[in-house]
1. When you take every Cα atom in chain B, what is the radius of gyration, and what is Dmax, the widest Cα pair distance, in Å?
2. Give the lysines whose C-alpha is closer than 16 Å to that of B:K98, dropping any in the same chain fewer than 8 places away, or say none.
3. So who's got an amide H within less than 5 Å of the one on A:M197, skipping anything under 5 residues away but keeping other chains? H placed 1.01 Å off N, in plane.
4. Compute the long axis of helix A:144-156 from its Cα atoms, compare it with the longest principal axis of the Cα atoms of chain A, and write down the angle in degrees, 0 to 90, nearest 10.
5. Any idea how far apart A:E133 and B:F20 come out in nm if each label point goes 7 Å out from Cα toward Cβ?
6. Which pairs break 23 Å Cα to Cα here: B:K129/B:K172; B:K124/B:K172; A:K46/B:K45; A:K122/A:K189?
7. Please average, across the residues of A:223-232, the number of beta carbons from any other chain that are within 10 Å of each residue's own beta carbon, and give a whole number.
8. Near the amide H of B:Y227, under 5 Å away, which other amide H atoms are found, from residues 5 or more places off or on another chain, if H is placed in the peptide plane?
Amino acid sequence: MSSLEFENLNVWFGDGPDRVDAVTGATFDVESGTSFGLVGESGSGKSTILRALVGLARNWSGRMTVGGLELRGYKRPRAFYRDVQMVFQDPYASLHPRQTVDAVLGETLKLHGFSDIDRRIKTLLDDVGLGPEFRFRYPHQISGGQRQRVAIARALAPEPSVLLLDEPTSALDVSVQAEVLNLLVDLRKERSLTYLMVSHDLAVVGHMCERVAVMQDGEIVELLGVAEMRAMEVKHPYTRHLLEASVGYNPREA
Amino acid sequence: MSLLDVENLCVTFPTRRGEFQAVRGVSFTLGQERLGIVGESGSGKSMTGRAILRLIRPPGRVEADHMRLEGRELLQMSEKEMQGVRGQKISMVMQDPKFSLNPVMKIGEQIIEIYRFHTGAGRKAAWAKAVEMLEAVSIRDQERVMRAYPHEMSGGMGQRIMIAMMLVTEPKILIADEPTSALDVSVQTQVLQIMDRLVRERGMGLIFISHDLNLVASFCDRVLIMYAGRIVETCEADKLHEAQHPYTRGLLNSLPRLDEPSERLDVLTRDPAWMEETSVSGRV
């Protein structure tokens, strides 16, 4: 069964002469329990797809469904937010600087109507590999990797089936990135989560995802499996360019 | 003779718990080459770059046996003399254009200001030069960008504008602190080509500070690997993947690889002994 479906999705900002088409005619689906990667450069519309899905980008047309439920407008039913959660790029910006880890997680749990908050906070911290000593710390008292773990714990709090990951490790050091990616792989296996992941790093997407959509200027230029990507069996010249650039600097390339 | 010669550089900050040494006894030389400094955040690589320009503010302290730019001792220069070095002899491109560009000044004015300050050129010549530099960093529609404010630019454009601004004075040394980590790969290639060309054609020395091991290995000539304020290893850039130090190996192994898929990534385990090792010299 497809967990997420996008059909001919258009997203735009502004009106009239100021209109900018951020996404045009995006069509793809994400099978339940799999991991799907959106790659492309900044401005290619990959994050906008995530934002349209959760209702943060209001102007869109086409068809989007989550677990068979068709979405309309920008308002989402409460059940949607239990089912779909997002992890943002920058853990320095996405956590409230004046709230402890306990307050961040507690508030999320309360909003989603859980009653055994104390027990759940303990489990959540445990799930993301943070010890109980982190519970009453402020974001500035923990490292970047630990902050991203808190952000992941917050996303997991309402027990979602779909996680939207917007460049979850691009603000982290490579050794910390490895820890967070391992955590995400483990969590997906344990909870059979569906991931829709946005990244500009093809190696990260290749590690995490089964299928990949390559975006350029708001359009999906190629849909491919990770095996094809690894074997460099790509059709679109832009995908090839991204792959070659991901290996390192090549002075011959223009 | 090397462009820059640094011996036993230390950067110290007093804290409530005693002195904290961000850089501990780093020595290296820079010729007309691309010298990479890699390490994780907090390893002291950015502090090394800033210390060369004496941009560490008190109570932070910069000490070294010597730090010479083409034979002249940087540590003994007056603040006024340093102004002639900063931006003219040694330029620096910082990590994030959002914090490096003046948000309330048009982009054109910012580039022109630097150029005129260091060369005394007229407004018209400076405008033409600024447009030319923007073109050199692959910015289209330069006249419009000249009249725009930084917030109207994307991150990638902002970084290219920063680079244009830093290169407009044709410096001897460019210190680039993660210049491309906010950029897309295709723009990244262009920016690297610009810097590459400057090194080859004009004999500029480039200090390329980055956390991206693949990029440094493919782009630089020589690499210093820093950990906890020290250089733990130096090598030829194209031999980086054969590096010996367990820290460097750990970093390399924690990278996900397209050509060698694995279920789990290796996680770096830090040996406390690395903190105590003496710094390796990066002199040639």
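The values are calculated or read from the model by the stated rules, or taken from the named source; none is laboratory data. In this text, all values refer to a predicted model and were calculated from it rather than measured experimentally. Glycine also receives a Cβ, built like all others from the backbone with ideal geometry; neighbour counts cover every protein chain displayed. Quick note on the areas: whole protein, heavy atoms, side chains included, nothing else; ligands and nucleic acids left out. Shrake-Rupley method; radii C 1.70, N 1.55, O 1.52, S 1.80 Å.
1. Taking only Cα atoms of chain B, I get Rg and Dmax of 19.3, 61 Å.
2. Qualifying lysines at Cα under 16 Å: B:K106.
3. Here A:F36, A:G37, A:L38, A:L165 satisfy the definition.
4. Between the helix axis and the principal axis of chain A, the angle is about 90 degrees.
5. Each label point is offset 7 Å from its Cα along the Cβ direction, giving 1.8 nm.
6. Working: B:K129/B:K172 18 Å; B:K124/B:K172 25 Å; A:K46/B:K45 32 Å; A:K122/A:K189 21 Å.
Too far apart for the 23 Å limit: B:K124/B:K172; A:K46/B:K45.
7. Neighbouring Cβ atoms belonging to other protein chains average 1 per residue here.
8. Residues meeting the amide H criterion: B:V232.
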